[in-house]
Every structure is written in C-alpha cells, then in structure tokens.
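Structure record follows, encoded as structure tokens.
Only the coordinates and a few stated rules stand behind these numbers; no lab work does. Keep in mind that this is a model prediction, so the values were computed, not measured. As a convention, Cβ positions derive from the backbone with ideal geometry for all residues, glycine included, and neighbour counts pool all protein chains shown.
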Amino acid sequence: MDTIMIKTIILDIGNVLAHFRWEDYLDDFGYTEDMKERISRATVLSDRWNELDRGARKEKDIMAECVMAEPEAEKEIGQFFIDGGELVKEYDYSKDLVRGLKDNGYKVYILSNYAKFTFNYARENFEFFDYIDGMVISYEVKYIKPEPEIYQILIDKYNINPEEAVFLDDKKENLEGAKPFGMKTIMVQSYEQMIKDLTKLGVSL
C-alpha cells in the first residue's frame, strides 16, 4: 500500500486552471467552416504552435510562417494573434482551488506550455497566480512538455521531492513525461473528476 504523503501539487494551466477556448473564439467571430479550418491549421493545430510555446525563436517570425501557410487567411490569422489573451479564460473555481490547497499546507506550482504573447495576459489577469509558490513556463526555459528537461527544471528550481508530488494535466503524453521522475499523475477531464482523484490520493481540499 502506498503510504507516501502528497506535499506538492503541480498544475498545468490550459484545461486545468483555465479553458483553452480557441474553438469558441473562432465561433464568436462567425467565420465560415473553411476559414476556421484555415486558421486552425496554420496556428494551434500545427507544430508552429509548439514552437511559440518553446519560445526559442522570435514570435514574429513564427507568426509570419503561420500566415505563409494560409495566405488567404492573413487578416484573420493576424487578428487571432492580436487577441491572444482571449484564447484562454480562467475557470471560476481556479482561485479558490489553489487558495484552498495553500491553506491546507500544500506547495502549489505551475508547469505549463505557454507562449509569451498569450502568457502576459494570463499573468496579469488570472487570479490564481496570487496564491502559487512558483512556476515554470515553457517559453521562459525553452523546453516544452513532455520533454524531460522541463520537469527537471521545475524539480531543481524549487527543490521538489517528486515522490511527494502529484502532477495534473489534460494531456496523457505530458503525464507520461512526469512519471519517470516518480511523480503521481492525474489526467484532468472535469473539475469533479479532478477533485475526486485528488481526494483518492489523500489530498485535503
């Protein structure tokens, strides 16, 4: 029986603490299905989006490549990047969740793939940031999940014991990336399921 007590909670942002709502954003503009597909293929559904998260190249160069991929959608893709902050919306529960974990004595960290042009808005507007103990964001360290380096950076930066930590993410590959370090993992599919799985690990909420 596993008797190790969880002392550290590591949270992704997208679809864990905030809704990555890019599809809703495109719907809000009333674009045709063809235009939505063009914008999506050029941006969030391409490897270029991962490179934005990595932050190793100039964002303007990657954005230009997105336009080159779908030149007929140049104006719309440009607007997509201008409105980057609107692509992600903080969940109503996030501030209280993080604050509650802190009140119960847990260390709470963020480990997230995020591009600079969208993260700046999140950092200024998402309330849960007021309660975390620290964070590692992909564009700042030039690695993205599930690359092992980004997990190691978090562990080393905050002197985390991985065996006393649980990592929550919405993508299986990112959770698999954490397991070799000894972390427990939870795939987040809903708030209710997340709370249930944390409780199963003995986390006080």
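General remarks:
- Computed magnitude of the charge dipole of the chain (debye, nearest 20; Cβ of K, R +1, Cβ of D, E -1): 740
- Neighbour cut-off at most 15 other Cβ (10 Å), DSSP loop, GluC sites (Glu not before Pro), the stretch 1-70: none
- The modelled label-to-label distance for the pair D61/T199, using points 7 Å beyond Cα in the direction of Cβ, is 5.1 nm.
- Legend: distances between Cα atoms for K95/K200; K116/K196; K36/K107; pairs beyond 31 Å are K116/K196; K36/K107.
- When +1 charges are put on Lys and Arg Cβ atoms and -1 charges on Asp and Glu Cβ atoms, the dipole computed for the stretch 22-87 relative to its Cα centre reaches about 400 debye.
- Whole-Å distance, taken between Cα centres, linking the stretch 71-96 and the stretch 144-205: 26
- Loop trypsin sites (Lys or Arg not before Pro), the stretch 1-56, which have at most 16 other Cβ atoms in a 10 Å radius of their Cβ (DSSP): K7, R21
- Point-to-point label distance, E192-E176, nm (Cα→Cβ direction, 7 Å offset): 2.9
- From phi via Karplus (6.51, -1.76, 1.60), per-residue ³J(HN,Hα) for the stretch 126-139 in Hz, x at Gly/Pro: 7, 6, 5, 4, 5, 10, 7, 8, x, 7, 10, 10, 4, 5
- Under Karplus coefficients 6.51, -1.76 and 1.60, residue-wise ³J(HN,Hα) of the stretch 12-21 in Hz, glycine/proline x: 6, 9, x, 6, 10, 10, 8, 7, 7, 9
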